[in-house]
Amino acid sequence: MNAGFGSWLLDMSLGASALGGMLGMASSIFIVLAATTFGSALLYSISGFGFAVLAAPLFLLFLDPARAIQLIIIISTVLSIVVLRGLLPAIAPWLLLRLALGSLVGLPLGLIAFRYADPILVRAAAGTIIFGFAILMAVSRHRSGQPGQGKHWTAFAMSPGLDLAAGAVSGFAGALVGQPGPPVLIYLLLAGAGARTVRATLLAFFALSYGVTLASHAATIGIPTPTWLAAAILIPFAFLGGLAGRPIGDRLGAEAFAVLAIALLAVAGAYTLGAAAAAFATA
């Protein structure tokens, strides 16, 4: 199924004048998007990694990049705010501030690239980010034993300049492919930040980054009404997935978390890169 056909199906099924058509879509794109949303939120709850990293490959497969990225941004904004509750005391405020300021620098560049970039290149960028994230996580796990705990090895020491740089790369990635998380998460893990601080700061950063990115998209590019309707319908599936994943995650140890996350990211990244290569070959 190509991106144009997927987008057409979504418009036909979720458009304001065709709300009843959503039932007819139950055997096609709606089931795919709902299952992807539920599964991505479930795996996010189990593995602790971002919804966008897991959802992007299939969203980009069945929808055009603009629609897919904007849906991911909307759903992720709401999900991040909800998950953040209870972790506020663990947030490192000055680190969060520097990441947010850096993100504001990278965001306009990402918006420009989003407006003018070739869709195939956008898919390739998403796949590269995901696959690169998996590789760096695997290297970090091999060198330090437990990803994110930083007890045995760190690649570098954190600094205000690096905080700003990581935020800038994240802002660019968030606007372009809807994934601000990987650059910041890689940075914090390789710098050996504490696990609870990483999780709380990331979730707060996600909420801020996605919120700003969503507002920027709405103000500069525009978000069609069918996209808002689609997000409103898919958000409950994200909540259900997150709730279903909690008891599973509680029964998994740290090693299982790491293996699951790296395997999922590697497969997702390789698949997205493969899809981009196939599209480029047939273009």
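Could you compute the FRET efficiency for residue 162 and residue 280, with r as their C-beta to C-beta distance and R0 at 41 Å, rounded to 0.05?
Working: r = 34 Å, r/R0 = 0.83.
It comes out at approximately 0.75.
Estimated at 0.36 nm per residue, the fully extended path between residue 94 and residue 128 surpasses their Cα-Cα distance by 9.3 nm. The largest accessible area among 267, 53 belongs to the first residue in 267, 53, and the rest follow in falling order (1.4 Å probe, all chains). Taking all protein chains together and rolling a 1.4 Å probe, residue 228 ends up with roughly 100 Å² accessible.
For the residues 83, 105, 122, a 1.4 Å probe over the protein chains yields an accessible-area ranking, largest first, of 105, 83, 122.
The values are calculated or read from the model by the stated rules, or taken from the named source; none is laboratory data. Note that the structure is a prediction, hence the values are computed from the model and not measured. Cβ: placed from backbone, ideal geometry, glycine included. Neighbour counts: every protein chain shown. With ligands, DNA and RNA removed, areas are computed over all heavy atoms of the protein, side chains included. Shrake-Rupley method; radii C 1.70, N 1.55, O 1.52, S 1.80 Å.
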